[in-house]
Amino acid sequence: MSAPSAATSPFTNGLVSENNKSAVVGELNDPFEFDTRPRYTNAFLPLTEYTTYEKFKVILFTVTLVAPLRILIIVFLLCIGVGLAEIAALGLPPIDDAMELQPPINSRWRRFIVFLMRIGMRWIMFLAGFYWVHVEGSYDQRARIIISTHHSIWDTIYLMVYTGCCEAAKADLFRVPMMGSFLRSLNAMPIDRRCPEARSAAKRNMRARALDPKYPPMIVFPTATCNNGRQLSAFKEGAFDCGVPIQPVGLEYPARHYDVFALKNMAWVFYWTCCQFVNFHTVRFLPVITPSDSEIEKPSLYARNVRTVMCDSLSRDPVPYVFEDELLRIVCRDNFMRVHQHRIMMKQVYEEFGISMHYVDHWVKLLHSLDADGDGLLSIEDVQKTLSLSSGTSETEALQRVWSVLKIDESADPQFEDIPPPYNEPFRRGTWYDTLSGGVPPVPSRPLDDIPKELLAVHDIVPAFVVIFSREEDAVERRRSGLQRLFRAAFGIAAEDFTTDELRGQLREKLQEYIPNIFTPSQRHSVGSETSGRRKN
């Protein structure tokens, strides 16, 4: 496949498209020289808000018992489906070793039961308000792997109904009662990512299944998390490692007021869906893409080119966020800490520095424990109060010097997002279905939190922790000047006569003096092991 032309977006005022490299923001006072993205709208936030009209519908459907009745019937159908899955799984061997290729299910009576389960899935969607699903294009059986956009808890259901595809699931889920029978009856693929050998086996098994028509096709969500309906975050490379033809699929949920984007509480999303008069769903099958020799040799190129084709064909804006960026936002939200996501590229953190999300999660929680006033930002007074430091001491003076080193100048950032066409308008293709539904909502413009100059946010502090505790010597050596600045601020002495390891060692000891558990999360992981396991997911 030849490299397609990049889909670009004319962002202005510093808010730029991923492919528009000329619009990068100005130089910043960043001591550790982390890669900084220009400001992008967040692909992990919904396109619509919980408006008064939506509240009225929820009350109406609840008081009239329409939503509870829908849910009751859906639960009844799910119970029948679990029973059918238990019958279909009779005689199937348990999943003792996820590294072994599981045999295909060829029995006609098992496949008939799975067919009945697929009918039940479509009825569940009908009861939830998806009376009609608009399909453009068709599934091509040459593609054994379907690469789909991911937006909601409803994504897999219709694709399973329409194509008979299955998903990959954690091996532990196959041992859960009822859930295990359901997955085995659908011929789902167990995956164990806890060691390099298991990850290699998962890649080998996925390729073997893709080449064997006896297995059902497999659906993969390469973003590894939900995006809204107008943007597309970076792809993980796992499915592209197989080097086989794939078929991209774009899923859309056009609506004027209700975005089915999966929020934190999936139960609420499910209930909110059942409180709609009608739910719209569009499935767009794109032509099969066969990889070139260079793409087979380099899966990252294959993934990037497929993503560009999908953005161009589906009118999505590519943004450079990855799954770990969303995890960072979630952990900051759950710990009431503020962060500007475009200031920390989590892909750089775990690839260049070898620091897993497990440690970043731990550090955010520690910063929350230091936030005495609970405003989501750290002031010198917060740290003094939490660590019982007296004012006017050498420790406080050192803290003030460290504060000035860590604080990143954000004056070059736009304070408000300027959403350009076509993303500032509902997306319609001119069909009767789009006209009736109202199209996919526009990208909402959101202000950037204003962080006072004297306060530090997560994105000011975490880069220092990453450099101090990373075991990747080359990446750390490139940040030696930043370490020297931080060392001079912390100790008040020259840093030129110290080696990089000595600088880090002194800073690490000083941090552990005040925060003893800074490098000991509750469940200890090796710094590199978890990271390497996520690169190919």
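The values are calculated or read from the model by the stated rules, or taken from the named source; none is laboratory data. In this text, all values refer to a predicted model and were calculated from it rather than measured experimentally. Please note: Cβ atoms are built from the backbone with ideal geometry, for glycine as well, and neighbour counts cover all protein chains shown.
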(request) Could you grab me the full set of residues in region 304-322 that are assigned to a loop (DSSP other than H, G, I, E, B), touching a Lys or Arg at 6+ places or on another chain (Cβ under 8 Å) and crowded, with 19+ Cβ neighbours inside 10 Å? (result) 316, 322
(message) Between a residue in region 277-293 that is over 17 Å from residue 428 (Cα atoms) and any residue that is assigned to a loop (DSSP other than H, G, I, E, B) and among the charged types (D, E, K, R), which pairs come within a Cβ distance under 6 Å, given they are 6 or more apart or on different chains?
(response) 288/140; 288/142
(message) Which of the numbered conditions does residue 239 fail, given that it passes all the others? Conditions: (1) at pLDDT below 90; (2) in a loop (DSSP other than H, G, I, E, B); (3) crowded, with 20+ Cβ neighbours inside 10 Å.
(response) (2)
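A quick yes/no check of all residues on (1) closer than 15 Å to residue 306 by Cβ; (2) under 20 Å from the mean Cα position of the chain (by Cα):
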site: 169; (1), (2): no, yes
site: 181; (1), (2): no, no
site: 230; (1), (2): no, yes
site: 248; (1), (2): yes, yes
site: 254; (1), (2): no, no
site: 259; (1), (2): no, yes
(message) Out of 404, 369, I need the residue that is more than 27 Å from residue 40 (Cα to Cα), surrounded by fewer than 15 Cβ atoms within 10 Å (Cβ to Cβ) and either modelled with pLDDT of 85 or more or among the basic types (Lys, Arg) (or both). Which one?
(response) 369
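This table checks each residue for (1) farther than 30 Å from residue 67 by Cβ; (2) touching a Gly at 6+ places or on another chain (Cβ under 9 Å).
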{"site": "225", "(1), (2)": "no, no"}
{"site": "244", "(1), (2)": "yes, no"}
{"site": "277", "(1), (2)": "no, yes"}
{"site": "310", "(1), (2)": "yes, yes"}
(request) Give just the number: which of (1) exposed (fewer than 13 other Cβ atoms within 10 Å of the Cβ); (2) touching a residue at least 24 places away in the same chain (Cβ under 8 Å); (3) under 19 Å from residue 183 (Cα atoms) does residue 79 not satisfy? (result) (2)
(message) As an exercise: evaluate residue 208 against (1) within 30 Å of residue 342 (Cβ to Cβ); (2) surrounded by fewer than 20 Cβ atoms within 10 Å (Cβ to Cβ); (3) not aromatic (Phe, Trp, Tyr) and give the number of the one condition it does not meet.
(response) (1)
(message) Suppose we filter region 163-188 for residues that are touching a residue at least 60 places away in the same chain (Cβ under 8 Å), closer than 16 Å to residue 100 by Cα and part of a helix (DSSP H, G or I); how many remain?
(response) 4
(request) Hand me the list of helices (runs of 4 or more DSSP H) wholly inside region 48-162 holding 1 or more residues that are acidic (Asp, Glu) and either farther than 26 Å from residue 273 by Cα or under 28 Å from the mean Cα position of the chain (by Cα) (or both). (result) 52-63, 66-88
(message) Within region 257-266, does at least one residue satisfy the condition of being modelled with pLDDT under 90 and aromatic (Phe, Trp, Tyr)?
(response) yes
(request) Could you check residue 531 against (1) out of contact with any Pro (no Cβ under 9 Å at 6 or more places or on another chain); (2) buried (at least 17 other Cβ atoms within 10 Å of the Cβ); (3) modelled with pLDDT of 85 or more and say which number it fails? (result) (3)
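Does residue 404 qualify as being over 23 Å from residue 284 (Cβ atoms), small (Gly, Ala, Ser) and not in a loop (DSSP other than H, G, I, E, B)?
Considered against the rule, which asks whether it is over 23 Å from residue 284 (Cβ atoms), small (Gly, Ala, Ser) and not in a loop (DSSP other than H, G, I, E, B), residue 404 comes out as yes.
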(message) Just checking, does region 294-304 include any residue being among the polar types (S, T, N, Q), in contact with a Pro (Cβ under 7 Å, 6 or more places away or on another chain) and under 22 Å from residue 243 (Cβ atoms)?
(response) no
(request) For residue 460, indicate whether it is buried (at least 21 other Cβ atoms within 10 Å of the Cβ) and either within 23 Å of the chain's Cα centre (by Cα) or in a loop (DSSP other than H, G, I, E, B) (or both). (result) yes
(message) Return the residues of region 263-303 that are surrounded by fewer than 20 Cβ atoms within 10 Å (Cβ to Cβ) and of a type outside the set (A, V, I, L, M, F, W, C); say none if nothing qualifies.
(response) 264, 265, 271, 284, 287, 290, 292, 293, 294, 297, 298, 300
(request) Report, by residue number, each residue of region 198-233 that is part of a helix (DSSP H, G or I) and within 16 Å of residue 299 (Cβ to Cβ). (result) 199, 200, 202, 203, 204, 206, 207, 210
(request) Considering (1) in contact with a Pro (Cβ under 7 Å, 6 or more places away or on another chain); (2) modelled with pLDDT of 90 or more; (3) not basic (Lys, Arg), say which one residue 416 fails and leave the rest. (result) (2)
